[in-house]
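Below is one structure, written out as structure tokens, with a few remarks after it.
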């Protein structure tokens, strides 16, 4: 008995099988309409910094100045293949509402921070059809206090606001403080002063301390650093006490409220990036 193989039928069967497999694979890799629309947005956003320092100036117990931090986000190279872009936005992550701009009017958003913290910032773009593409980054804003108390026999306490609206508390508070014993004219009747520095937390706990004997006309610097603070903790204090009220001193302190260095990397626009964007 002989068997005859019909090759055309086999070929047709193989083709049918391949078509069925191909169709099933296409179903596995497909995306929903919303996902496809979001995928059509190429979110190329550029920003030079993700770190900043808010600076405060205090003179003789009064705040005389403050410098906030402004971060700029450039949306000029964001594109959408499926649907027109209608809005760009940035949510600062500090409890404020998101900042929204018309995509047809401007392609840049400035975000100002006046208080320190680690913030989960979100930026993104929206299309006319309601699709949205966004990305979250971490922004680190530290605080520096420039404190000076001039010609005093009883230095004021320096108040340090450690409370933050960010995602976590302060990593540490670092202090560099100089007490200068103002010399008497001609060195007559001048005497040494003993100064004690205390860094006190919001629960009246002593975090760091130091002391020094300062001769007439001389100065001494103390540097101290604390451990972490909770995000909702009350104000800290840098307190300086003298062993006499007969001698005038000038206090100059730099107080840094520092957060963990866990910020996202910056994405500055460069000439090299311009060539990449053309591809």
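The values are calculated or read from the model by the stated rules, or taken from the named source; none is laboratory data. In this text the structure is predicted, and so the values were computed from the model without any measurement. Using ideal geometry, Cβ is built from the backbone for each residue, glycine included, and neighbour counts are taken over all protein chains shown.
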Go through (1) crowded, with 17+ Cβ neighbours inside 10 Å; (2) touching a strand residue (DSSP E or B) at 6+ places or on another chain (Cβ under 8 Å) for residue 221 and report which single condition fails. (1)
In the range 154-181, how many are modelled with pLDDT under 95 and farther than 29 Å from residue 92 by Cα? 0
Return a yes/no flag: does the range 218-226 have any residue that is out of contact with any helix residue (DSSP H, G or I) (no Cβ under 8 Å at 6 or more places or on another chain), part of a loop (DSSP other than H, G, I, E, B), within 25 Å of residue 61 (Cβ to Cβ) and free of Cβ contacts under 8 Å to residues at least 60 places away in the same chain. yes
Examine the range 130-147 for a residue that is surrounded by 17 or more Cβ atoms within 10 Å (Cβ to Cβ) and not in a strand (DSSP E or B), and state whether such a residue exists. yes
Listing of strands (runs of 3 or more DSSP E) fully contained in the range 43-113 that carry 3 or more residues being buried (at least 16 other Cβ atoms within 10 Å of the Cβ) and at pLDDT 95 or above: 51-59, 69-74, 85-91, 108-113
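Residue-by-condition table, conditions (1) free of Cβ contacts under 8 Å to residues at least 24 places away in the same chain; (2) surrounded by fewer than 19 Cβ atoms within 10 Å (Cβ to Cβ):
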site: 164; (1), (2): no, no
site: 168; (1), (2): no, yes
site: 176; (1), (2): no, yes
site: 181; (1), (2): no, no
site: 190; (1), (2): no, yes
site: 200; (1), (2): no, no
site: 203; (1), (2): no, yes
site: 206; (1), (2): yes, yes
Residue in the range 235-258 that is under 23 Å from residue 147 (Cα atoms), touching a helix residue (DSSP H, G or I) at 6+ places or on another chain (Cβ under 8 Å) and not assigned by TED's automatic domain parsing to the domain that holds residue 56 present: no
Determine, yes or no, whether residue 189 is more than 29 Å from residue 95 (Cβ to Cβ) and modelled with pLDDT of 95 or more. no
